[in-house]
Amino acid sequence: MTTLTAAHTRVAELIAASKTLKDSGMLFRGGHANLSVKLDDDSMLMTSGGNVAALTSGDFAVVSLDGKVVEGTMAATMGEIIEMHAGIYRMRSDIASVIHTHAPHITTFSLAHRAIPLVYEPLLRFGLTEEVPVVPWAPRGSQESVQGILDRVVNHPGIFALMLANHGALAFANDLSRTVQLLTTLDEAAEMLILAEALGGAKPLPDLAIEQVQERMKSFGSRR
Ligand SMILES: [Zn+2]
């Protein structure tokens, strides 16, 4: 299993990612978030406290994908967060990074229990083929909450983000920078959907848009 020392490059990447999230407003005012990357088949590297606004290299832990802290110290409140990350890595082999934040516009949709429809073209470029769903509220980290998340990701390869009802956003992708970009693009989409309400509401993309974007991205040699 990868050690914290061996993972120092990944630690630096997560610190940089949290700064990007902060600079782009994805942490909102509270700075609350948790970020992880998969290290190998058995473990992930994860932020170890609830606030990521000013991370240092001591703010990380190596956690096995069955949920045990292997190295580093986790804040007691993080115990309930671990399974949200580990479960996604266990269930979706295509995923190598998971980020949870209270990105303000996505979280607004989560408060309203409104799924985010795929009407903003840039979202299609992250491989999304389904609307971003809202997982019904359950206590943080409870079996019910985690199961609600996993139910939505296991059999839906076109879901790369979801909302926790009355709480926040969860995004995941095949690498860290892509996960950061997905989260910011989804928050843009959410913000513009709210603005579009004043103009009569967003209109759907043509039925063939998802297929066409995927075909074009293949022809450009993109990963998705
Ligand atoms: Zn949260």
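Could you list all residues from the range 86-117 that are more than 13 Å from the ligand (Cβ to nearest atom) and closer than 22 Å to residue 38 by Cβ? Scanning the range 86-117 gives 86, 87, 88, 89, 90, 91, 92, 93, 94, 95, 96, 97. Pairs linking a residue in the range 142-161 that is in contact (Cβ under 8 Å) with a residue 12 or more places away in the chain to a residue that is in a loop (DSSP other than H, G, I, E, B) and exposed (fewer than 14 other Cβ atoms within 10 Å of the Cβ), with Cβ atoms under 9 Å and 6 or more positions apart or on different chains, are 145/136; 145/139; 148/136; 157/94.
For every residue, the table says whether it meets (1) closer than 22 Å to residue 19 by Cα; (2) of a type in the set (D, E, K, R); (3) touching a helix residue (DSSP H, G or I) at 6+ places or on another chain (Cβ under 7 Å).
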site	(1), (2), (3)
138	no, no, yes
141	no, no, yes
146	no, no, yes
156	no, no, no
168	yes, no, yes
178	yes, yes, no
184	yes, no, no
194	no, no, yes
198	no, no, no
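On inspection, residue 188 does not qualify as farther than 15 Å from residue 116 by Cβ, out of contact with any strand residue (DSSP E or B) (no Cβ under 9 Å at 6 or more places or on another chain) and part of a helix (DSSP H, G or I). Scan the range 90-134 residue by residue and report those that are under 12 Å from the mean Cα position of the chain (by Cα) and of a type outside the set (A, V, I, L, M, F, W, C). Of everything in the range 90-134, those that are under 12 Å from the mean Cα position of the chain (by Cα) and of a type outside the set (A, V, I, L, M, F, W, C) turn out to be 97, 100, 101, 102.
If you filter the range 128-148 down to residues that are at pLDDT 90 or above and in a loop (DSSP other than H, G, I, E, B), you find that the one that is farthest from residue 84 (Cα to Cα) is 129. Being more than 14 Å from the chain's Cα centre (by Cα) and either touching a residue at least 40 places away in the same chain (Cβ under 8 Å) or within 23 Å of residue 26 (Cβ to Cβ) (or both): is that true of residue 74 here? It is true that residue 74 is more than 14 Å from the chain's Cα centre (by Cα) and either touching a residue at least 40 places away in the same chain (Cβ under 8 Å) or within 23 Å of residue 26 (Cβ to Cβ) (or both).
The values are calculated or read from the model by the stated rules, or taken from the named source; none is laboratory data. Just so you know, these numbers come straight off a predicted model, no measurement behind them. Cβ coordinates were reconstructed from backbone atoms using ideal geometry, including for glycine residues, and neighbour counts include every protein chain displayed.
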